[in-house]
Amino acid sequence: MNLQIDHKSPVPLHIQAEMLLRELIKDPEYIDGKLLPNEVELARRLAISRTTLRLAINKLVYEELLVRKKGVGTKVVTSKFSSKSKNWLSFSQEMKNRGIEVKNFELHVSWVVPEKSIMHFFDIKEDQKILKLERLRGKKDDPFVYFVSYFHPRIGLTGDEDFKRPLYEILEQDHHIIADLSQEEIDAKAANKFIADKLEINQGDPILSRKRFVYDQSGRPIEYNLGYYRAESFTYTVESRRDY
């Protein structure tokens, strides 16, 4: 996209920058999670000061079109309705709190070159392979969720870990990585044949799809997780408090 400010225009520079940013964030790459160019690079390309650029970015952050994460960068906010829960738990913790013993029906580990949205989330090279963990889980004789997790290579997972252990316990105890922040997206959709076979339902039956983005204490991405639940097995509880 050609980003150009008209320095002879009567329209203030920060307004022009804001208008260009509004067009830029419509680009599919940025909608899929790619970070915007850093402020130094963007200001140079627009031939404006960082202060002027920051006015434009702050406006879009205020409108919740962009989100800025310290040490990570600025990215487009997914334009979907979402509710923020007060707390989040791993699947093992969720089941433990309900008094349910978790069973792994399938567990697959592989090294893959991920699709672009995942590469952008992790900000890694296009040809870099990362660890992919797939698990079919549930209660005794009742598989009801299929998880697919991708991990940033920075963590140091080898694939030889005992993934029957709680995942975040492995990250913390074996790799000194603490999962601190989770951002989630929930969708209702129809099961494709692959997921239907895994969850022992009919193709086209309703499922809940949960996409989870997990960050460490420094705000760095560590896991990109996809979960596919049989609809009747999953309830998402949100606790909100009104601000006065």
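The values are calculated or read from the model by the stated rules, or taken from the named source; none is laboratory data. Every value quoted in this text rests on a predicted model; they were computed, and no experiment measured them. Positions of Cβ are backbone-derived with ideal geometry, glycine not excepted, and every protein chain shown enters the neighbour counts. Note: accessible area is taken over every heavy atom of the protein model, side chains too, but ligands, DNA and RNA are not part of it. Shrake-Rupley method; radii C 1.70, N 1.55, O 1.52, S 1.80 Å.
Per-residue answers, yes or no, for (1) open to solvent by 10 Å² or more (accessible area, probe 1.4 Å); (2) in contact (Cβ under 8 Å) with a residue 12 or more places away in the chain; (3) over 22 Å from Tyr215 (Cβ atoms):
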| residue | (1), (2), (3) |
| --- | --- |
| His108 | yes, yes, yes |
| Val112 | yes, yes, no |
| Lys139 | yes, yes, yes |
| Phe151 | no, yes, no |
| Gly156 | yes, yes, no |
| Glu161 | yes, yes, no |
| Arg165 | yes, no, no |
| Tyr168 | yes, yes, no |
Checklist entry - If you take the residues in the range 186-221 that are open to solvent by 50 Å² or more (accessible area, probe 1.4 Å) and among the aliphatic types (A, V, I, L, M), which one is modelled with the highest pLDDT? => result Ala190
Checklist entry - Taking the range 179-202, which residues are polar (S, T, N, Q) and assigned to a strand (DSSP E or B)? => result Ser182, Gln183
Checklist entry - So which residues in the range 1-31 are acidic (Asp, Glu) and in the same structural domain as Thr52 (by the TED database), if there are any at all? => result Glu18, Glu23, Asp27, Glu29
Checklist entry - Does the range 217-235 contain at least one residue that is assigned to a helix (DSSP H, G or I) and touching a helix residue (DSSP H, G or I) at 6+ places or on another chain (Cβ under 8 Å)? => result no
Checklist entry - When you look at Glu23, is it modelled with pLDDT under 90 and closer than 24 Å to Glu126 by Cα, yes or no? => result no
Checklist entry - Among (1) among the β-branched types (Val, Ile, Thr); (2) under 21 Å from the mean Cα position of the chain (by Cα); (3) over 24 Å from Met119 (Cα atoms), which single condition is Thr51 missing? => result (2)
